[in-house]
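J.: Right, I'll just put the structure down here and ask away after.
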Amino acid sequence: MAEQPRALHTAWTLHPDRALPTEPTQRAIAREIYSSIRTLPIISMHGHIDAGAIRRNDAFGDPAELFIIPDHYLVRMLVSQGYRNSDLGVQPRDGASGSLVAETDHRLIWRRFAENWKLYRGTPTRYWMEHELVEVFGITQEPSAASADAIYDQLSATLAEPDFRIRALFDRFNIEILSTTDAPDSDLAEHAALAAEGWGERVVPTFRPDGVFYPDRVTWRAAIRALGARCGRDITSYRGFLEALQERRFAFVAAGARATDHGHLTANTTPLDAADAERIFQQALTGPVDATTGEAFAANMLFESARMSMEDGLVMQLHPGVQRDHSAAIRDGYGPDNGFDIPRPVEFTRALQPLLTAFGLDPRFRLILFTIDETVYSRELAPIAGAYPTVRLGAPWWFLDSPGGMARFRELVTETAGFYNTSGFVDDTRAFASIPARHDLARRVDAGYLAKLVGEHRLTLDEATETAIDLAYNLPLTAYARRGAVAPAATPARTQAESTAL
Amino acid sequence: MAEQPRALHTAWTLHPDRALPTEPTQRAIAREIYSSIRTLPIISMHGHIDAGAIRRNDAFGDPAELFIIPDHYLVRMLVSQGYRNSDLGVQPRDGASGSLVAETDHRLIWRRFAENWKLYRGTPTRYWMEHELVEVFGITQEPSAASADAIYDQLSATLAEPDFRIRALFDRFNIEILSTTDAPDSDLAEHAALAAEGWGERVVPTFRPDGVFYPDRVTWRAAIRALGARCGRDITSYRGFLEALQERRFAFVAAGARATDHGHLTANTTPLDAADAERIFQQALTGPVDATTGEAFAANMLFESARMSMEDGLVMQLHPGVQRDHSAAIRDGYGPDNGFDIPRPVEFTRALQPLLTAFGLDPRFRLILFTIDETVYSRELAPIAGAYPTVRLGAPWWFLDSPGGMARFRELVTETAGFYNTSGFVDDTRAFASIPARHDLARRVDAGYLAKLVGEHRLTLDEATETAIDLAYNLPLTAYARRGAVAPAATPARTQAESTAL
Amino acid sequence: MAEQPRALHTAWTLHPDRALPTEPTQRAIAREIYSSIRTLPIISMHGHIDAGAIRRNDAFGDPAELFIIPDHYLVRMLVSQGYRNSDLGVQPRDGASGSLVAETDHRLIWRRFAENWKLYRGTPTRYWMEHELVEVFGITQEPSAASADAIYDQLSATLAEPDFRIRALFDRFNIEILSTTDAPDSDLAEHAALAAEGWGERVVPTFRPDGVFYPDRVTWRAAIRALGARCGRDITSYRGFLEALQERRFAFVAAGARATDHGHLTANTTPLDAADAERIFQQALTGPVDATTGEAFAANMLFESARMSMEDGLVMQLHPGVQRDHSAAIRDGYGPDNGFDIPRPVEFTRALQPLLTAFGLDPRFRLILFTIDETVYSRELAPIAGAYPTVRLGAPWWFLDSPGGMARFRELVTETAGFYNTSGFVDDTRAFASIPARHDLARRVDAGYLAKLVGEHRLTLDEATETAIDLAYNLPLTAYARRGAVAPAATPARTQAESTAL
């Protein structure tokens, strides 16, 4: 079918009611709710932005560098239709087959994307890109083969302007706080520099120790060495490993960290005897460890991380259930984390029982759970969060960070856990320019869900509006408040819902 | 955000169209369907009301005793935000930690609930409570910190009136029949007394033998002794155990029972050799049995229960998939069944095969299946019920007894199993005053689902109305009709759908 | 409840907007989209029609023979309410219990169906039957006890007319291409005869080797002998078996086949060492093989089938996850494939990894995945299809080929995989007269889904219309294009979306 000439000749605009319900009664309610939250500050507690880029106030490079090459959502869709990652500019790893060479013509990369715009129909990537191109960068043509070059030129010119450097956008996006994701051996120097400039409250680190938790991975020994180097000593024992972790966690706390983050294969939290853990640790220092043993050690480390959270108050985030590097060919060609990460069924009820039995009722602890397997929403996660006072449910994650995914989350979770056992919206992006689009979409979808409840006379409009504000702003702030960081109220905190609970 | 003054100054009323679809076309159809079923008598085949309370015509105590302390849905939500169960008046078990003392100030308990009314937004508890407070008890203010005391006083006064004792409400609620849930060793004396007063058709027992089916539980030996005592002899063998069960089942039949009920960890129905069963039974009489063996014995007992149903016609209900007492701390503090029961994935296809191969085609048998794991609706339960003539699907259970849960049930089940392989609405409540609210909500949700089919021209309004009446009234009666209790029709019963089938 | 007299006195017609969304805005959009696809030719790539029936241009027999006896969807629903399969004319197998005799009064069989019309409310069978009776056969009364005989007579008269023989309907239905399903030992003589008459492009075979892939089945040795006989030699080794398969696949290709089809218990694709496969093959030739070994061999054969597809270009279809013959009593009474096939949980991520690691990035390969377990849509299938360029997702299968099933498929898959990694609509029917009804329903449901996206301003109407045309027509053609059958374009195919990709 031919390109629609319309796209070239009509100004491309975004409908103010996009992603709100179609039915007029619900739309009117949703529009009113959304109007109360549209401009609230952004709380971005789980980002993957480089603190150094913010410190240096980087420019974003060319359109391919900003929108395509680093965005695995966008690249994958083109790969699923026959492009190679390298055709989209993704760098093969050293030693990969000589036939893989990253495309260096970024205008060509952009054209490949623009010509295949139809592939994104119905996806959140389409929504985010529209928002970014129109709202952030002022593009007035829809991407297509015909418009590709003109858009590329306009974007290139815009990206060179000072108003489109990262700090200007940070202000313009109204980001109140942004968490980065950092390895345990990070020196946090960029955060320190940002703090020295008065940005310490706006950009905070997150402690992500996966790299030292799986002793069966080939990179584990190097990660342990790096952790030891950061602590100024060799790590030669499990006990020393725990001490190093604790030390780094306190360094993160000092740098403003509010949370840890754990991306595990399963949600298993079974602790090991210290002697068993030590034995595995010693074995891993000197030789190979099988995957089962590695998984058992990682489960133990989740338990130990929870114990440490009791001491330092860091909120614990858990993202289980993804099989990394499903395609060995892609992993070998481009390195890990490019290898088609594919979800697997995940189980929480039994997996979390050791951790929740030990810490699940303790006000010093907070656990935020994410899933990419929707079957656990109503079966396991909502009942767990609707009972244990320490648990909050994170926002729909990754592939589920989409209009339908967010709507299903509310439908499947709210009736058992309510709104106030969820974390409110948490984005999970490497694409800085997409942050407002993601929060905007979440606000629209939540407004639509709340409008349905109002339309069915299950909530009043006042209640819905208050709830929408909580979901967009207050709940992420309170869910990620470091335990112990808020002084207990003089009157029993427990008599106040959420804002002061626990 | 401040309390809405509106709630204090405007009379609190319920919208007549609440929980019906918002879209005007569907709403109009749904309203018409609902109007045909709104006042139908209530068939309540799976309750947890105490027969003695009905026999004695108890008053309901104070508002905390009626609404909060015994309602684990309601208590849990407050616990999930930081209260302890004891703060809500739940009694710690003997020997629990001395710091746990049940709150005795019931007005304070009520206040804690009222102040946290917002936590229930979007939950069925909110819907039920509104219905109860407004429709049953005439409250005109929404719960809040400001209104808590006034509501407490008004409720207390109302609850003292004779019109608000249990039998008056039983009549007012238009309950045609109510099943209780009773242990095998129950003497059924309260049911006999009720029958002597002419209430024998209105209140019937249900045989629930879980307590004697799991020999790995610490309470098993006491339960076996109690069963033996009721039968007037010691139970010293598996064969004797089966005889005692059969004897009690016939006693339940004589007392009007229509069904048995089985709450198991899994749906496993694999029978054991009699010799193996005897060996396990003997072992359990004298010493510990591990969980795997206990589960195998319980699976065998499901198979044996089905066999007994072939003899006595009792309809068999199965509720699998819940991990009881997930939190050891809660169980130790408050005893079993307070310990945060959390669902687990459940499987029916393989688990039920032994039972269905043996009895699944036999007109003397009837099995009603419940689940708390929604993934089995379209994958397993609808195909099973859409094939085996003995199987009916129970209503959405527990956490799924909610507007969204009921809507998803119809969406996921109807296309494969139709309406007539479902049981119609079955409530599962310990809260007597919530029975009409629960049935009303189910009727509204089914009306909404049927209205969608009418709106899409997939059913006529006449068909939808007839179906709604069947779901609310006829299907529960026929699904729970004791097999053999209805004399076969002279002409082949099989040529009539549902009302006479099998 | 009494029969509705209305059904007898008013002409029974189908609403032109049936199965479109009720909400007026969405309906208007959906109607416009649907009007662009309503009359597109039918692409039917997964049928179970007998090629001989088409070659002979068979008449369809009487109404029971056409509509009821061969339709397991329809029969099962009556069985689920107390009929025996034999009561509906299903033939018991030789040696089945003497009490099972197929009903021979086909008018009576029709009456049983018509009297129980209400059982089908809300099911796709109802939709299909309405479409067939009204649109194809001109019936003007709704089925009921009162109308049964009159409809039977009218249908019988109509079915005797030459315009209602299979080829006339083939033309009238506007079927462009229809795939049959054929065993490896099929001589394909009917397809050759059809080709000689110029129907070779319209009716093509599909290679379905399940019968020779499970060596644990009692029919396996006979199937191997039949395969050998077709190849003119004994098959006495695994190597010889592979050669025979390859030979037959090329014979299928020569007869116009585009695809293979595999109905397996699981999606396991783990290859075996050739020596292990040979050992199992030899064991199975002479004695029993257990189910685990049989499953391992079948998994290996999926891997080998993919390897063969690389050579001959046949598109590979996989339908896993059904437990065949759940009821031994039904299987013993009527033979296999009547025994209540019930779905089981299925897993793709790990199961497909061997196959996808070996062939998943190769443009010579194409895999179309079907499921009857909806939990894998968003968790596994959409991420896999949204990454691997060889994978397309088939249409909702079997019980899920329904309005709700198809809507959920789009909702759960599109946001991750888009539209262009799906196959478009694929029917799976044995009931020739239902083919247009099934495609029509799919087109309506897709139009409704797209209308929602337009109504929410997430797509333009032009985009939605183009997408609807692709789903109904272009995607099934391209998804089932034999690899290598389409010459590579002169310019890099990869820069064109879908129509030329891979």
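J.: Treating the point 7 Å from Cα along Cα-beta-carbon as the label, what are the nm separations from A:Val218 to the other copies, to one decimal?
T.: For A:Val218, the inter-copy label distances come out at 5.2, 5.2 nm.
J.: Related question: In µm²/s, what is D for the range C:59-100 at 20 °C and 1.002 mPa s, where D = kT/(6 pi eta Rh) by Stokes-Einstein and Rh is the Kirkwood radius from Cα pairs?
T.: 195 µm²/s
J.: Provide the descending list of Cα extents for the range B:251-398 along its principal axes, expressed in whole angstroms.
T.: Ordered largest first, the range B:251-398 gives principal extents of 45, 37, 34 Å.
J.: Here's a follow-up. If you average the sequence gap of Cα pairs under 8 Å that are 6 or more apart and divide by the length of chain C, what percent do you get for the contact order?
T.: That works out to 19 percent.
J.: Within 10 Å of each Cβ of A:341-348, how many other protein chain Cβ atoms are there on average?
T.: 6
J.: Please name which of B:Ser147, B:Gln91, B:Met77 has its Cα lying farthest along the dipole of the range B:61-164 towards the positive end, using unit charges on Cβ (Lys, Arg +1; Asp, Glu -1) and the Cα centre as origin.
T.: B:Met77
J.: If I take every Cα pair under 8 Å that is 6 or more residues apart in the range A:59-164, average their sequence separation and divide by the length, what percent do I get for the relative contact order?
T.: Reported as a whole number, the value is 31 percent.
J.: Please list the helices of chain C that count as membrane-span-like by this rule: a mean Kyte-Doolittle hydropathy of at least -0.5 together with Cα atoms stretching 15 Å or more along the helix axis, each helix being a complete DSSP H run.
T.: C:148-159, C:220-231, C:238-254, C:274-286, C:291-312, C:403-417, C:435-455
J.: Here is a further query. May I ask which of A:Lys118/B:Lys452; A:Lys118/C:Lys452; B:Lys118/C:Lys452 have a Cα-Cα span longer than 28 Å here?
T.: Checking Cα-Cα distances, A:Lys118/B:Lys452; B:Lys118/C:Lys452 exceed 28 Å.
J.: Moving on to the next point. Using a 10 angstrom Cβ neighbour count of at most 14 plus a DSSP loop assignment to flag exposed GluC sites (Glu not before Pro), which longest range of chain B is free of such sites?
T.: B:202-502
J.: Scaled to the compact-protein estimate 2.2 N^0.38 Å, what is the alpha-carbon radius of gyration of the protein assembly as shown, rounded to two decimal places?
T.: Output field value: 0.92.
J.: At 7 angstrom along the Cα-to-beta-carbon line, where would the label on C:Asp149 sit relative to the other copies? Give the distances in nm, shortest first.
T.: Output for C:Asp149: 7.9, 7.9 nm, nearest copy listed first.
J.: Let me ask you something else. Considering all projection directions equally, how large on average is the shadow of the alpha-carbon convex hull of the range B:61-164, in square nanometres?
T.: Mean projected area of the Cα convex hull: 6.8 nm².
J.: Share of the range A:167-495's accessible area from carbon and sulfur, percent, 1.4 Å?
T.: 52 percent
J.: Suppose we keep just the DSSP beta bridges with both residues in the range C:167-495; what percent of those would be antiparallel, to 5?
T.: So the antiparallel bridges amount to about 10 percent of the total.
J.: Related question: At q = 0.11, 0.13 Å⁻¹, what base-10 log of I(q)/I(0) does the Debye formula yield for chain C when every alpha carbon is treated as an equal point scatterer in vacuo?
T.: Rounded to two decimals, the profile gives -1.01, -1.42.
J.: Given the options C:Ile435, C:Val315, C:Pro396, identify the residue whose Cα lies farthest towards the positive end of the charge dipole of the range C:167-495 (+1 on Cβ of Lys, Arg; -1 on Cβ of Asp, Glu).
T.: Value: C:Val315.
J.: Now a separate question. Nearest 20 debye, what's the magnitude of the dipole of chain C about its Cα centre given +1 on Lys and Arg Cβ and -1 on Asp and Glu Cβ?
T.: For chain C, the charge dipole is close to 420 debye.
J.: Where the centroid of each part is defined by its Cα atoms, how far is the range C:428-476 from the range B:146-213 in Å?
T.: Here the two parts' Cα centres lie 53 Å apart.
J.: Calculate the mean, over all residues of peptide A:75-87, of how many other protein chain Cβ atoms lie within 10 angstrom of the residue's Cβ.
T.: Average per residue, whole number: 6.
J.: I've got another one for you. Please give the Cα centre distance for the range B:48-90 versus the range C:268-295, rounded to the nearest Å.
T.: A separation of 60 Å, based on Cα centres.
J.: Relative contact order for the range C:280-425 using alpha-carbon pairs under 8 Å, separation at least 6, rounded to a whole percent?
T.: Relative contact order, the range C:280-425: 19 percent.
J.: Between copies, how far apart are the B:Gln283 label points? List them in nm, one decimal, shortest first, with each point 7 Å from Cα toward Cβ, please?
T.: 3.0, 3.1
J.: Taking loop as defined by DSSP and a crowding limit of 15 other beta carbons within 10 Å, which chymotrypsin sites (Phe, Trp or Tyr not before Pro) in the range C:418-452 fit?
T.: Counting only loop positions with at most 15 other Cβ atoms within 10 Å, none of the chymotrypsin sites (Phe, Trp or Tyr not before Pro) in the range C:418-452 qualifies.
J.: At R0 = 25 Å, how high is the FRET efficiency between A:Ala275 and A:Gln246 if r is their beta carbon distance? Nearest 0.05 is fine.
T.: 0.80
J.: Just to make sure I understand: if all protein chains stay in place, what is the order of B:Arg217, C:Arg364, C:Arg208 by accessible area at 1.4 Å, largest first?
T.: The ordering from most to least exposed comes out as C:Arg364, B:Arg217, C:Arg208.
The values are calculated or read from the model by the stated rules, or taken from the named source; none is laboratory data. Since the structure is predicted, the reported quantities are computational estimates derived from the model, not experimental observations. Backbone-built Cβ (ideal geometry, glycine too); neighbour counts: all protein chains shown. When the accessible area is computed, the model is the full protein with side chains, heavy atoms only, and any ligands, DNA or RNA have been set aside. Shrake-Rupley method; radii C 1.70, N 1.55, O 1.52, S 1.80 Å.
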